[in-house]
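Here the structure comes first, spelled out in structure tokens, and everything after it is commentary.
The values are calculated or read from the model by the stated rules, or taken from the named source; none is laboratory data. What you are looking at is a predicted structure, and each value in this text was computed from that prediction instead of being measured. We place every Cβ from the backbone using ideal geometry, glycine too, and count neighbours over all the protein chains shown.
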Amino acid sequence: MGHCNPIRARIISGCWVQHSHATNQDGYFRKTYGNSRKSNREAIMFHRLMWMHDNNQEIPDGFDIDHICCNRGCFNPEHLRLFKHGEHQADSNKRRYRVNGKLRLGSRYN
């Protein structure tokens, strides 16, 4: 029987942010499950897993899970929404170029 490390989280401004495991270079937490000895070990981004669990469905093809809070480490289901892939990229880029709620000068989104 495999060893399972519990996930510990902190609530920061309504965000559920885990602090017991490392995040990847993009700031996302991946949950690994399965047995590496049987070659069925898989990893999934935890916010996607939480959205699927909370909504009791798979993520449809062509859709992403968006962090409404803009915190990639957050897995609070209330902060996650289903978004079409192209719209998600455009929305994320617009939000990324914002500083204090205003678009940066010289931004291509002005």
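For residues that are outside any loop (DSSP other than H, G, I, E, B) and free of Cβ contacts under 8 Å to residues at least 40 places away in the same chain, tally how many sit in segment 68-82. Steps first, answer last, please.
Step one: filter segment 68-82 for residues outside any loop (DSSP other than H, G, I, E, B), giving 74, 77-82.
Still in the list and also free of Cβ contacts under 8 Å to residues at least 40 places away in the same chain: 77, 80-82.
Within segment 68-82, residues that are outside any loop (DSSP other than H, G, I, E, B) and free of Cβ contacts under 8 Å to residues at least 40 places away in the same chain number 4.
Specify which of the listed residues (I59, I44, I7, I65) is at pLDDT 85 or above, in contact with a strand residue (DSSP E or B) (Cβ under 9 Å, 6 or more places away or on another chain), surrounded by 11 or more Cβ atoms within 10 Å (Cβ to Cβ) and assigned to a loop (DSSP other than H, G, I, E, B).
Working: I44 fails: assigned to a loop (DSSP other than H, G, I, E, B); I7 fails: at pLDDT 85 or above; I65 fails: assigned to a loop (DSSP other than H, G, I, E, B).
Being at pLDDT 85 or above, in contact with a strand residue (DSSP E or B) (Cβ under 9 Å, 6 or more places away or on another chain), surrounded by 11 or more Cβ atoms within 10 Å (Cβ to Cβ) and assigned to a loop (DSSP other than H, G, I, E, B) holds for just one of I59, I44, I7, I65, which is I59.
Do we find a residue being at pLDDT 85 or above and among the polar types (S, T, N, Q) anywhere in segment 81-95?
no
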